[in-house]
Amino acid sequence: MPIQFTEEDGGKLLVVHVSGKLLKTDYAQFAPEFERLIRKHGRIRLLFDMTAFHGWEPGAAWEDLKLGLKHFSDIERLAMIGETKWQHGMATFSRPFTKAAVRYFDHANAADARAWLNEV
């Protein structure tokens, strides 16, 4: 599955691993679980690991944008982990679409991303 996620810290941290190319249908499974966590915990912290990620099909990109705008204020911190220059650019690109503090980390520094997310 291209999107895998786990809850940590009692659900207040959502760890999302994406791989391959995301399809619109991937969001049909992911979005309800994401929204359930928001309803349960309010604002959450998100670790978005895109180390093996190759992008979106157009329909999936649209679903991602809609989900992000709908939950503009629901993410407190967003740590993005990647391995390519375009993935690093995604962190900059995403900032206007969320109130979250956003930081990019190279996959070699994944522990730093977790430490930043766990700061008070």
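The values are calculated or read from the model by the stated rules, or taken from the named source; none is laboratory data. Values in this document were obtained by computation on a predicted structure and should not be read as measured data. We place every Cβ from the backbone using ideal geometry, glycine too, and count neighbours over all the protein chains shown.
Thr84 fails exactly one of the following numbered conditions: (1) under 21 Å from Ile3 (Cβ atoms); (2) at pLDDT 95 or above. What is the number of that condition?
(2)
Run down Asp64, Asp26 and say which single residue is acidic (Asp, Glu) and modelled with pLDDT under 90. Working first, answer last.
Details: Asp26 fails: modelled with pLDDT under 90.
The conditions single out Asp64.
Contact list please: Cβ distance under 7 Å, first residue in the range 13-41 and within 23 Å of Arg77 (Cβ to Cβ), second residue small (Gly, Ala, Ser), pairs at least six apart or on different chains.
Qualifying pairs under 7 Å: Ser19/Ala52; Leu22/Ala60; Tyr27/Ala60; Leu37/Gly11; Lys40/Gly11; His41/Gly11.
One line per residue, one yes/no per condition, for (1) β-branched (Val, Ile, Thr); (2) more than 25 Å from Glu63 (Cβ to Cβ); (3) touching a residue at least 40 places away in the same chain (Cβ under 8 Å):
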site	(1), (2), (3)
Lys85	no, no, no
Thr92	yes, no, no
Arg95	no, no, no
Thr98	yes, no, no
Ala110	no, yes, yes
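Kindly list the number of the only condition in (1) over 28 Å from Glu119 (Cα atoms); (2) modelled with pLDDT of 90 or more; (3) touching a helix residue (DSSP H, G or I) at 6+ places or on another chain (Cβ under 7 Å) that fails for Asp74.
(1)
If you take the residues of the range 2-57 that are of a type in the set (A, V, I, L, M) and touching a Pro at 6+ places or on another chain (Cβ under 9 Å), which of them is surrounded by the fewest Cβ atoms within 10 Å (Cβ to Cβ)?
Step one: of the range 2-57, the residues of a type in the set (A, V, I, L, M) are 3, 13-16, 18, 22-23, 28, 31, 37-38, 44, 46-47, 50, 52.
Now drop any that are not touching a Pro at 6+ places or on another chain (Cβ under 9 Å), which leaves 18, 22-23.
Details: Val18: 23, Leu22: 23, Leu23: 15.
The extreme case among them is Leu23.
Looking only at helices (runs of 4 or more DSSP H) that lie completely in the range 21-109, which have at least 3 residues being under 21 Å from Gly11 (Cα atoms)?
Numbers: elements: 24-41, 58-70, 85-94.
Qualifying helices (runs of 4 or more DSSP H): 24-41, 58-70.
Kindly list the number of the only condition in (1) exposed (fewer than 13 other Cβ atoms within 10 Å of the Cβ); (2) at pLDDT 95 or above; (3) hydroxyl-bearing (Ser, Thr, Tyr) that fails for Thr92.
(2)
Taking the range 1-55 only, how many residues are among the basic types (Lys, Arg) and touching a helix residue (DSSP H, G or I) at 6+ places or on another chain (Cβ under 7 Å)?
Taking the range 1-55 and keeping what is among the basic types (Lys, Arg), we get 12, 21, 24, 36, 39-40, 43, 45.
Of the ones still in play, those that are also touching a helix residue (DSSP H, G or I) at 6+ places or on another chain (Cβ under 7 Å) are 12, 24, 40, 45.
Counting residues in the range 1-55 that are among the basic types (Lys, Arg) and touching a helix residue (DSSP H, G or I) at 6+ places or on another chain (Cβ under 7 Å) gives 4.
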